[in-house]
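Q: First, the structure itself, so that you have it in front of you.
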Amino acid sequence: MRLDEHELLNMLPRLRRYARALVRHKEEADDLVQDTLERAWLKSSLWRGVADMRGWLFSIMHNLHADGVRRPRIHTVELDNNTPEIPIAARQGEQLAMRDLQAALNQLPDEQREVLLLVALEEMAYADIAQTLNIPIGTVMSRLSRGRERLRIVLETQAKPIRLKIVK
């Protein structure tokens, strides 16, 4: 099997989406995608033996992300905060819901969040996830179950209204 540039480019949206969910910051996600593509390109001699290119690329991304989590980071601050943004229609409700979901996802352990995102966001089969993350399929199902339950609890907790007691 020979992977051409078009096939690799067609994978970019999925890689970006998963990277954004993993690292939470656009710039870090872009770096992760770039590192993934660079590693895949350097290992292009292995493409012939790869049956599932998507799973292979996600495995590379997962391993790079895991390496990055273990490695200490230097935190930086963006210097140019004056860049104007392109005006778009108001979507506060959607943005608040996405913010709440992202906050809930951030409270999950990495192992549960990774499996949950691969199932829900990338629609990967359990067997593909097991191969991608190099874990048994039973572990995938267990992490998914625990992740869904924990996410449900966190979202329900966020949805409870705050009641203020007015003292006269």
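The values are calculated or read from the model by the stated rules, or taken from the named source; none is laboratory data. This one's a predicted model, so the numbers in the text were calculated from it and none came from an experiment. Cβ coordinates were reconstructed from backbone atoms using ideal geometry, including for glycine residues, and neighbour counts include every protein chain displayed. Just so you know, the surface numbers come from the protein's heavy atoms only, side chains and all, with ligands and any DNA or RNA stripped out. Shrake-Rupley method; radii C 1.70, N 1.55, O 1.52, S 1.80 Å.
Q: Keeping all protein chains in position, work out how much accessible area E7 exposes to a 1.4 Å probe, and write it in Å² to the nearest 10.
A: So the heavy atoms of E7 present about 60 Å² to solvent.
Q: Give the accessible surface of segment 91-161 per residue, rounded to a whole number of Å², with probe radius 1.4 Å and ligands, DNA and RNA excluded. All intermediate terms of the calculation are to be shown ahead of the outcome.
A: Numbers: 4260 Å² over 71 residues.
Per residue, segment 91-161 has an accessible area of 60 Å².
Q: I'd like the FRET efficiency for N63 and Q107, computed as 1/(1 + (r/R0)^6) with the beta carbon distance as r and R0 of 22 Å, rounded to 0.05.
A: Working: r = 24 Å, r/R0 = 1.09.
The pair N63/Q107 has a calculated efficiency of 0.35.
Q: Taking R0 as 25 Å, what's the FRET efficiency between R17 and K43 from their Cβ-Cβ distance, rounded to 0.05?
A: Working: r = 22 Å, r/R0 = 0.90.
So the FRET efficiency works out to roughly 0.65.
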